[in-house]
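A short reminder: the numbers here are calculations on the coordinates, not readings from a lab. Quantities reported herein were computed from a predicted structural model and do not represent experimental measurements. As a convention, Cβ positions derive from the backbone with ideal geometry for all residues, glycine included, and neighbour counts pool all protein chains shown.
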Amino acid sequence: MMGNETDTLAYRVAFGGAVAKADAALRIRELAKSRGVFFASIYPLYRALAQGILVGDFTVPALNIRGMTYDCARAIFRVAKRLDAGAFVFELARSEMEYTLQRPAEYAAVIMAAALAEGWSGPVFVGGDHFQFKAGEGGELAALKILAKEALAAGFYNIDIDASTLVDLAKTDERAQQAENVRNTLELARYIREIQPKDITVSIGGEIGHIGGRNSTVADLKAFLEGFLAEWPKTLPSLSKISIQTGTSHGGTILPTGELANPAVDLAVIPKLSALCKRYKIAGVVQHGASTLSNELLGKFPLAGAVEIHLATGIQNGIMDHSSFPQLLQEKISKWIESDLKNEWEPTWNSTQAVYKLRKKAWGRFKEEIWNIDPQAKIMLTGALEEKVANWFGLLNIADSKRTVDSLIRL
């Protein structure tokens, strides 16, 4: 452990001026290089799965940290070291970058500082989740190319392209439904391959079904893959994985009572879609909106053949719902949502539902206040997070995966 130096550097990256941020991020990179810690693409692991060289009896967790990032990442690295786990990714979505006030350079540097603080060695996977096209808006491809360039410069060597918002279900033929998704995914994926570092093959994901929408089918996936691969240059590495919709929603569905509804997840479709992916030399499918699912359901995803699963709201809930999260700060967040964000409420929501659905935006609004929570409270909060993450890692069968990861991915 490096102690106070990484604490100071992480804080400067998050809250310093432009020069201080850049200097601190550079220092973190220098320290990482001297200790054999490096940003990496998980592509070689997924390629081994796609080719059948590696048996896929595990599901890679992708962990989105919306705030208190340094402390939460340290907790995750502590769990990974204890379980000798290496197959996990830190992610941040395009939308999360906006409402958490974390740009790629900051997020990646803070994650790396956490790795150094915990004595991590080898690859660190950081990625862009839901680089999503906003339906009905112009200039999205150009905007996402700019974001991809920014992300790659920061060390985001894993990028999930999400043009599922452009799928047109009003059309009766699956190829026609997926046409705009295919076209825009192709364009952005080509651009990423053009600008990726010479010694890195970025892991690129596609998405066929908007999370919270209609469940994905074999016909949907076949239409997308055939359309994509027909135009994709045969000399370039293709997609690593495909995100699908199985009945979940981001954050879960909150009932008026404050309880979460039990989603009807179609686990039966995952093996079919993963098998189809492998026919096209793609590792498999990705499950989103999963961190509020029961342990019983989560434990079924490795058996079903899901290559990756995304866990975001569960981390948020574990922090904000914990008894050690400051009560006064909790009240301040609720009041802010009830006043400043009133125009974002759904007509059917009560205040409990509104706070649950919108408190994710408090990570940016109260960013420094949350970062500076009392140290003793932080110990309790991150201790609870460690328990949650250790449970996830066990259910997803990634304990003892570090040796495999390190053998496939080196500097």
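If R0 is 41 Å, the Cβ-Cβ spacing of THR257 and ARG183 corresponds to a FRET efficiency of close to 0.40. The residues ASP374, ASP71, when put in order of fewest to most other Cβ atoms within 10 Å, stand as ASP374, ASP71. Rounded to the nearest 20 debye, the dipole magnitude of the chain is 860 debye, with +1 charges on Lys and Arg beta carbons, -1 on Asp and Glu beta carbons, and the Cα centre as origin. On the principal axes of its alpha carbon atoms, segment 116-262 extends 44, 43, 29 Å, with the longest extent given first.
Identify the residues of segment 44-71 with backbone N under 17 Å of a label point that sits 7 angstrom from the Cα of ASP321 along the Cα-to-Cβ direction, or state none. Once the point is set 7 Å along Cα→Cβ of ASP321, 64, 66 turn out to lie under 17 Å by backbone N, inside segment 44-71. Database remark: amide H of ASP162 closer than 5 angstrom to the amide H of PHE131, GLN132, PHE133 (H placed geometrically; neighbours at sequence offset of 5 or more, or on other chains; Pro and chain starts carry no H).
Near ALA290, the amide H atoms lying under 5 Å from its own belong to HIS310, ALA312; only residues 5 or more places off or on other chains count, and H is placed 1.01 Å from N. Only beta bridges with both residues in the chain are counted; by DSSP, about 5 percent of them are antiparallel. Relative to the current alpha-carbon distance between LEU328 and GLU137, full extension at 0.36 nm per residue lengthens the span by 64.8 nm. Determine which residues of segment 155-196 fall in the zone a paramagnetic label at LEU229 would reach in this model, i.e. backbone nitrogen under 17 Å from the point 7 Å along Cα→Cβ. Only 175, 182-183, 186 fall inside the zone, counting backbone N under 17 Å.
For segment 1-48, the fraction of alpha-carbon pairs lying more than 12 Å apart is 68 percent, rounded to a whole number. For the chain, the average shadow cast by the Cα convex hull is 19.0 nm², which is a quarter of the hull's surface.
When the Cα atoms of segment 230-366 are aligned to their principal axes, the ranges along those axes come out at 55, 34, 31 Å in descending order.
Given an 8 Å cut-off on Cα distances and at least 6 residues of separation, report the relative contact order of segment 235-341 as a percent. Once normalised by length, the contact order is 26 percent. Highest-first packing order for the peptide set 321-330, 269-278 is 269-278, 321-330, based on the mean count of other beta carbon atoms within 10 Å. Taking one equal scatterer on every alpha-carbon of segment 1-151, how large is log10 of I(q)/I(0) by Debye at q = 0.12, 0.18, 0.20 1/Å? Calculated log10 I(q)/I(0) at the listed q: -0.54, -1.11, -1.29. Over segment 330-387, all Cα pairs binned in 10 Å intervals from 0 give whole-percent P(r) values of 21, 42, 27, 9, listed from short to long.
If R0 is 35 Å, the Cβ-Cβ spacing of SER34 and ASN372 corresponds to a FRET efficiency of close to 0.75. The fraction of Cα-Cα pairs per 5 angstrom bin, counted from 0 for segment 96-195, comes to 2, 12, 20, 20, 16, 12, 8, 5, 3, 1, 0 percent, rounded to whole percents. Panel order for SER238, SER203, by other beta carbons found within 10 Å of each beta carbon, from fewest to most: SER238, SER203. Couplings 3J(HN,Hα) for segment 361-370, derived from phi with the Karplus relation 6.51 cos²θ - 1.76 cosθ + 1.60 (θ = phi - 60°), are 6, 6, 4, x, 4, 10, 4, 6, 5, 5 Hz, where x marks Gly and Pro. Spherically averaged projected area of the convex hull of Cα atoms, segment 214-266: 5.0 nm².
The calculated 222 nm mean residue ellipticity attributable to helices in the chain amounts to -15500 deg cm²/dmol, summing -39500 (n - 2.57) over DSSP H runs of n ≥ 4 and dividing by all residues.
For GLY122, nonlocal amide neighbours, meaning residues 5 or more places apart or on other chains whose placed amide H falls under 5 Å from its own, are VAL37, PHE38.
Mean sequence separation of contacting Cα pairs (under 8 Å, at least six apart), scaled by the length of segment 135-200, corresponds to a relative contact order of 37 percent.
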